[in-house]
2 protein chains.
Amino acid sequence: MIFLGEKVRGYLMIIGGAEDRSGDKEILKKFAEISGQGEARLTVITAASQDPKRVGDMYVEIFSKLGIGNVEALNIESRDEANKEAIAERIANSTGIFFTGGDQLRITSLLGGTKACQALEKAYRHGVIIAGTSAGAAAMSDTMIIGGSEDHAPKGNTVGMAPGLGLLEEVVIDQHFAQRGRMARLLLAVAQNPFILGVGIDEDTAILVYPDGKFWVIGSNTVTVLDGRCVNFTNVSELRPGEPLAMCNATLHILSPGLGFDMKNRKPLLA
Amino acid sequence: MIFLGEKVRGYLMIIGGAEDRSGDKEILKKFAEISGQGEARLTVITAASQDPKRVGDMYVEIFSKLGIGNVEALNIESRDEANKEAIAERIANSTGIFFTGGDQLRITSLLGGTKACQALEKAYRHGVIIAGTSAGAAAMSDTMIIGGSEDHAPKGNTVGMAPGLGLLEEVVIDQHFAQRGRMARLLLAVAQNPFILGVGIDEDTAILVYPDGKFWVIGSNTVTVLDGRCVNFTNVSELRPGEPLAMCNATLHILSPGLGFDMKNRKPLLA
């Protein structure tokens, strides 16, 4: 078992999208707090968004109101920009980094392998918290879900995947999970390699991943954990597009806020 | 373990709704075949429907074209009708009985405890096949799902239940399962009593339940089996409306056509 090995790492806050931005702001508040609150240097990365200025301004305003004095949005729109020293330095000197929603392929295709990305990884390994909502959540894992079919039954070809940022190994994240009926694509992803832990995060809900590989749920909805370790049969390798999936003996956990999960030992944490 | 005890019983065909009626008609053809094909006396019960005449005529036409000479629709619209000897006799003398879709509460509130229902139970105990699609599927179990909230995240008060026809014990059926994103309400139903087996049947898909308590999947989509027997934690009894569910250690099987499930021993059947 090499899961969550000996690497030194920081914190991740993986948000299922549509987090509360006008009420209690529980999730964003927690992120600001872990980032260092008054001492924080927050960087918002809007690479996923097609309207980066608006989205960046919105989060800068929210975090400012939450008491963060030093918060800046980096609206990186090209790989050249992502290779600029100034950008990499801003990231390297952050105490918290926040990825907005949009399209996860924009994040990885703009940032993958650039100086910005190296700075991000380094910051993370030094204990900085990296948060991402929606597309920013999906992009965190080694392999990420980039799309699914409109058919909600689990079938061949109903999930598209691509290489993610790799901050979290051996996990696949899906977001807007219950709200967009995404069980089928998580099932497909886990069937493809049952060693992968499938984590479906509902809207206004987040997992806070600690360096020891445990996570805790915050927010207002649920987190679905699909553990394929005991799967003893699947037909996924033989499926042609549209053919129905089979997968037997997966383990399913529905976690409400306050509960957690030990990803190393694959066990729910009740307190 | 009293599951599927010593009762003598017949066959059930439980269809997730929207079964193919114009192409191969795989599911309806199978029902006609088991009912005795040329020798069959089929009875279509349209009690669930608010437009019984149209629905009844449609199925009579389909089954006639499939080679059934003796097929009749009983458009029972009152409990008085359901207590008529002629109705009970038609049911008692059937070799196959088919419940159409509509509203499962119409089925149980019109038929529950009537002579028609007694005749149905007796026919079933004598080996007759009872089929139901959509509402007709939901109504088969001891306790049936009658509705759910529009919120697709599993939360307190998101599932409504009522007493069903009781042809299948210790199982809860949900239909149009993946197509209508109904995992949340099946999770709630199973959390309420983890001994209950949750069976979610997709559209154009059916389970054929044999007298020995095994079922096999036919059709074009999948059947989701949610087994709560190993659940070691749930907060369901404490949930107020809208509060998120927790349930740990459920077992999940996704069954494609050709696979089966042994309900007595809670094991998938691969061939």
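The values are calculated or read from the model by the stated rules, or taken from the named source; none is laboratory data. In this text, all values refer to a predicted model and were calculated from it rather than measured experimentally. All Cβ positions, glycine included, derive from the backbone under ideal geometry; neighbour counts span all protein chains shown.
If you filter region A:154-166 down to residues that are part of a loop (DSSP other than H, G, I, E, B) and under 21 Å from A:Gly113 (Cα atoms), you find that the one that is nearest to the other protein chains (Cβ to nearest Cβ) is A:Gly164. Within region B:234-245, the set of residues being surrounded by 13 or more Cβ atoms within 10 Å (Cβ to Cβ) and either β-branched (Val, Ile, Thr) or over 27 Å from the mean Cα position of the chain (by Cα) (or both) comprises B:Thr234, B:Asn235, B:Val236, B:Leu239, B:Gly242, B:Glu243, B:Pro244.
Tell me, please, whether a residue that is touching a strand residue (DSSP E or B) at 6+ places or on another chain (Cβ under 7 Å) and part of a strand (DSSP E or B) can be found in region B:28-39. Scanning region B:28-39 turns up no residue that is touching a strand residue (DSSP E or B) at 6+ places or on another chain (Cβ under 7 Å) and part of a strand (DSSP E or B).
Do you know which residues across region A:261-271 are within 7 Å of chain B (Cβ to nearest Cβ) and not in a strand (DSSP E or B)? Within region A:261-271, just A:Leu270 meets the criteria. No other residue among A:Asp151, A:Asp174 is in contact with a helix residue (DSSP H, G or I) (Cβ under 8 Å, 6 or more places away or on another chain), modelled with pLDDT of 95 or more and not in a helix (DSSP H, G or I) apart from A:Asp174. Which residue, of B:Ala138, B:Ala131, B:Ala92, B:Ala73, is under 24 Å from B:Lys30 (Cβ atoms), modelled with pLDDT of 95 or more, touching a helix residue (DSSP H, G or I) at 6+ places or on another chain (Cβ under 6 Å) and surrounded by fewer than 20 Cβ atoms within 10 Å (Cβ to Cβ)? Result: B:Ala92 is the single residue among B:Ala138, B:Ala131, B:Ala92, B:Ala73 that is under 24 Å from B:Lys30 (Cβ atoms), modelled with pLDDT of 95 or more, touching a helix residue (DSSP H, G or I) at 6+ places or on another chain (Cβ under 6 Å) and surrounded by fewer than 20 Cβ atoms within 10 Å (Cβ to Cβ).
Summed over region B:167-190, residues that are free of Cβ contacts under 8 Å to residues at least 40 places away in the same chain and more than 10 Å from chain A (Cβ to nearest Cβ) total 2.
Residues of region B:209-233 that are farther than 14 Å from B:Val171 by Cα and either surrounded by fewer than 24 Cβ atoms within 10 Å (Cβ to Cβ) or not polar (S, T, N, Q) (or both): B:Tyr210, B:Pro211, B:Asp212, B:Trp216, B:Val217, B:Ile218, B:Gly219, B:Ser220, B:Cys230, B:Val231, B:Asn232, B:Phe233.
For A:Ile146, the conditions (1) part of a strand (DSSP E or B); (2) of a type in the set (A, V, I, L, M); (3) closer than 21 Å to A:Phe261 by Cβ all hold with the exception of (3). Given the criteria part of a loop (DSSP other than H, G, I, E, B) and either within 9 Å of chain B (Cβ to nearest Cβ) or in contact with a helix residue (DSSP H, G or I) (Cβ under 6 Å, 6 or more places away or on another chain) (or both), does A:Gly258 qualify? Considered against the rule, which asks whether it is part of a loop (DSSP other than H, G, I, E, B) and either within 9 Å of chain B (Cβ to nearest Cβ) or in contact with a helix residue (DSSP H, G or I) (Cβ under 6 Å, 6 or more places away or on another chain) (or both), A:Gly258 comes out as yes. When you check A:Pro194 against the structure, is it more than 9 Å from chain B (Cβ to nearest Cβ), in a loop (DSSP other than H, G, I, E, B) and surrounded by 20 or more Cβ atoms within 10 Å (Cβ to Cβ), yes or no? Spelling it out, A:Pro194 is indeed more than 9 Å from chain B (Cβ to nearest Cβ), in a loop (DSSP other than H, G, I, E, B) and surrounded by 20 or more Cβ atoms within 10 Å (Cβ to Cβ). For residues in region A:255-271 being buried (at least 18 other Cβ atoms within 10 Å of the Cβ) and without any contact (Cβ under 8 Å) to a residue 40 or more places away in the chain, which is nearest to A:Gly148 (Cα to Cα)? By that ranking, first place goes to A:Leu255. A count restricted to region B:215-255 and to residues that are touching an Asp or Glu at 6+ places or on another chain (Cβ under 6 Å) and part of a loop (DSSP other than H, G, I, E, B) stands at 3.
Residue pairs whose Cβ atoms lie under 7 Å apart, sitting 6 or more positions apart in sequence or on different chains, and linking a residue in region B:230-254 that is within 9 Å of chain A (Cβ to nearest Cβ) and within 17 Å of B:Gly198 (Cα to Cα) to a partner that is buried (at least 19 other Cβ atoms within 10 Å of the Cβ) and acidic (Asp, Glu), are B:Ala250/B:Asp227; B:Thr251/B:Asp227.
Listed by first and then second residue, the pairs linking a residue in region A:64-89 that is within 20 Å of A:Pro52 (Cβ to Cβ) to a residue that is polar (S, T, N, Q) and part of a helix (DSSP H, G or I), with Cβ atoms under 9 Å apart and 6 or more places separating them unless they lie on different chains, are A:Ile68/A:Ser35; A:Ile68/A:Gln37; A:Val71/A:Ser64; A:Arg79/A:Ser109; A:Ala88/A:Gln118.
A:Asp151 falls short on exactly one of the conditions (1) within 14 Å of another protein chain (Cβ to nearest Cβ); (2) acidic (Asp, Glu); (3) surrounded by fewer than 21 Cβ atoms within 10 Å (Cβ to Cβ); (4) closer than 28 Å to A:Glu26 by Cα, and that condition is (4). Please determine whether any residue of region B:99-122 is touching a residue at least 40 places away in the same chain (Cβ under 8 Å), over 21 Å from B:Ser78 (Cβ atoms) and crowded, with 24+ Cβ neighbours inside 10 Å. The answer is no; no qualifying residue exists.
Looking only at region B:92-133, count every residue that is more than 24 Å from B:Ile68 (Cα to Cα) and of a type in the set (Ser, Thr, Tyr) and tell me the total. Qualifying residue count for the region: 3.
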